[in-house]
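Just so it is clear, none of the values below were taken in a lab; they were calculated from the coordinates. The model shown is predicted, which means the values in this text are computed figures rather than measured ones. Every residue, glycine among them, receives a Cβ derived from its backbone with ideal geometry; neighbour counts consider all protein chains shown.
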């Protein structure tokens, strides 16, 4: 039996608020390399259950003085740490602003916790969690280890795992000249996640998920 789409975002993901995150860093190891940029895009849902990007915040981060920045990472991202227009903020302030944005969205959507949406998500989650610990931020709104990985989801939906190719397969414009900035890549990740979730609903996926959920609830009674 078909069931209607959820009326609240909190009902769609078991109380979690999906938030697209992207970080740019000084290397691959969240324990050794510096956080250089972070961006967040909250997600919303309409009455038909279709998802769309919501509020957005992108911040340049002052690298922690005790952490490493590889030149190869700067060459890849194009970040110029000496650019006067960069206007980087210290880690505690940068993360605090991102977390405040996420918590406001959680309240607006009556969600109990946020869950990170990112491309190769455990990379971004590792850097965010380690920076939060380093800054002694006690109220990290994100689930500490669960996440939605758009590389995996895009591999399933489109047969593509690279963000640029996945976006093109999903008919999402992708500008390679703007890539590898946290703000741009978070925008693309949010759009890709919404495209996959919305397509799944169009194919009847939410009805299947709802029926499975109800069957499990009945079995536990």
Which of 149, 22, 185 moves the most in a Gaussian network model of the chain with Cα springs under 10 Å? 149
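How do the peptides 81-87, 169-175, 101-107 rank, highest first, by the average count of neighbouring beta carbon atoms within 10 Å per residue? Numbers along the way, then the final one.
Details: 81-87: 9.1, 169-175: 13.7, 101-107: 17.7.
Top of the packing list down: 101-107, 169-175, 81-87.
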Checking 189, 42, 161 against a Gaussian network model of the chain (alpha-carbon springs below 10 Å), the top fluctuating residue turns out to be 161
Counting only C-alpha contacts under 8 Å and six or more residues apart, can you give the relative contact order of region 9-211 as a whole percent? 26
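Under the rule of -39500 (n - 2.57) per DSSP H run of 4 or more residues, summed and divided by the residues of the chain, what mean residue ellipticity at 222 nm is obtained, to the nearest 500 deg cm²/dmol?
Numbers: 8 runs with 97 residues, N = 221.
Helix contribution divided over all residues of the chain: -13500 deg cm²/dmol.
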